[in-house]
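Student: Once you've had a glance at the structure underneath, I'll fire off some questions.
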Amino acid sequence: MAEILGVNVDCVTMAQAMQKIDELILLKKPSLIATANAEMLMLATHDFELKQILNSAAMVTPDGAGTVWAARHLGFNMPERVAGVDLVTNLLHKNYKSYFFGAAPGVAKKAAENFPSVVGTRNGFFSKVEEPKIIADINATNADILLVGLGVPKQEKWIFNNLDKLNVPVCIGVGGTFDVLAGNTPRAPMWMQRAKLEWLFRALLQPSRAGRLIALPKFVFKVYKNSESEKS
Ligand code: UDP
């Protein structure tokens with residue numbers, strides 16, 4: 001376990017993360033999984049509720065080059081990046097019964113077209129009064145995995161607050177994954193992913209997101225500063 005800015009991130013490979021999910025599905029007890037990138041970890045430094053939720057999660061995977069860098073800089077043995085989109089794609093290929101909850105109307109449905117193991121979909125725009133029905137619909141499908149794409153931290157808070165009502169062993173916050181699976185947001189070309197430049201690709205594609213990128217240098221600075229002050 002690597003503690004990064006107060007959040008415990010699991011030092012897992014993709015294979016180990018997949019194995020942990022297999023185990024959680026067998027256990028049947030509803031559990032929360034988060035994939036933590038630099039932006040999420042930065043947010044958790046001033047969103048105490050999010051921080052507590054992450055620290056109570058069954059697993060927090062190192063999503064993004066920033067998280068892997070931070071863990072290694074702090075001296076932890078962080079093997080590799082376990083990105084949310086890759087984790088979800090791998091799980092879908094294992095044919096677990098999955099439910100897609102989130103994104104704009106039609107997106108989750110379109111994303112599900114390529115995966116026969118998806119047992120239900122629901123868009124991510126709803127009011128409080130609709131929640132019991134949404135939860136009942138999810139439970140009625142007997143899904144093994146619930147993917148929740150409402151954005152950070154809304155999805156983590158939603159899962160945490162409803163975990164005792166959800167009859168699903170594994171619930172994962174997946175951000176904009178349905179937009180990617182539906183083909184609405186392209187992933188960066190492989191060479192950019194390998195060069196750890198996926199963030200740059202996204203900023204070029206959606207300039208409205210560019211402001212959020214400031215979280216990355218802030219994150220690097222904060223991790224660096226904290227580690228220096230611990231040394232002295
Ligand atoms: N979204 C949603 N309900 C909301 C707010 C957002 O379903 O009330 C969806 C939005 O349509 C998008 C996803 O949540 O599909 C957020 O994507 P983003 O890439 O911004 O995720 P993050 O960077 O927060 O992981």
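Student: Can you list residues from other chains, or at least 5 along the same chain, whose modelled amide H is less than 5 Å from the amide H of Gly149?
Tutor: For Gly149, whose amide H was placed from the backbone, the distant partners under 5 Å are Phe101, Gly102, Ala103, Val174.
Student: Mind pulling the angle between the C-alpha long axis of helix 215-231 and the longest principal axis of the chain? Nearest 10 degrees, somewhere in 0 to 90.
Tutor: Rounded to the nearest ten degrees, it is 50.
Student: Keeping all protein chains in place and using 1.4 angstrom, which order do Cys11, Cys171 fall into by accessible surface area, from largest down?
Tutor: My answer, sorted largest first, is Cys11, Cys171.
Student: At 222 nm, what value in deg cm²/dmol follows for the chain if DSSP H runs of at least 4 each add -39500 (n - 2.57) and the sum is divided by all its residues, to the nearest 500?
Tutor: On the way: 12 runs with 111 residues, N = 232.
Helix contribution divided over all residues of the chain: -13500 deg cm²/dmol.
Student: Helix 14-27 versus the longest principal axis of the chain: what is the Cα-based angle in degrees, 0 to 90, to the nearest 10?
Tutor: 40
Student: Net charge near Met78, counting Lys/Arg +1 and Asp/Glu -1 over other residues with Cβ under 11 Å of its Cβ? Working shown, then result.
Tutor: Working: positive: Arg72, Arg81; negative: Asp10, Glu80.
The answer is 0.
Student: What figure in square angstrom, to the nearest 10, would you give for the accessible area of Asp164 with a 1.4 Å probe?
Tutor: Surface open to solvent at Asp164 totals about 130 Å².
Student: Counting other Cβ atoms within 10 Å, keep those with at most 16, restrict to DSSP loop, and tell me which GluC sites (Glu not before Pro) in region 1-93 are left.
Tutor: Values: sites: Glu3, Glu23, Glu39, Glu49, Glu80; in loops: Glu80.
Those satisfying the criteria are Glu80.
Student: Taking region 89-171, which GluC sites (Glu not before Pro) meet the DSSP loop condition and have no more than 16 other C-beta atoms within 10 Å?
Tutor: Glu113
Student: Next question, about the same structure. Which cross-chain or sequence-distant (5 or more) residues have an amide H under 5 Å from the amide H of Ile4, H modelled 1.01 Å from N in plane?
Tutor: Answer set, sorted by chain and number: Val9.
Student: A further question follows. If one computes P(r) from the Cα atoms of the chain, what percent of pairs lie at distances over 32 Å?
Tutor: Working: 4289 of 26796 pairs.
Beyond 32 Å sits 16 percent of the P(r) for the chain.
Student: Solvent-accessible area per residue for the chain at a 1.4 Å probe radius, Å²?
Tutor: Details: 11410 Å² over 232 residues.
Result: 49 Å² of accessible area for each residue.
Student: Starting from the amide H of Gly120, placed 1.01 Å from N in the peptide plane, find each other amide H under 5 Å away whose residue is 5 or more places distant or on another chain.
Tutor: Under 5 Å from the amide H of Gly120: Phe100.
Student: Restricting things to alpha carbons, tell me how big region 56-107 is in terms of Rg and Dmax, in Å.
Tutor: Cα-based Rg and Dmax for region 56-107 come out at 14.4, 44 Å.
Student: Students sometimes get this wrong: rank Met42, Met1 by accessible area, probe 1.4 Å, all chains present, largest first. Write out the running numbers ahead of the final one.
Tutor: Details: Met42 25, Met1 130 Å².
In descending accessible area the options line up as Met1, Met42.
The values are calculated or read from the model by the stated rules, or taken from the named source; none is laboratory data. Note that the structure is a prediction, hence the values are computed from the model and not measured. Backbone-built Cβ (ideal geometry, glycine too); neighbour counts: all protein chains shown. Side chains included, ligands, DNA and RNA excluded: accessible areas come from the protein's heavy atoms. Shrake-Rupley method; radii C 1.70, N 1.55, O 1.52, S 1.80 Å.
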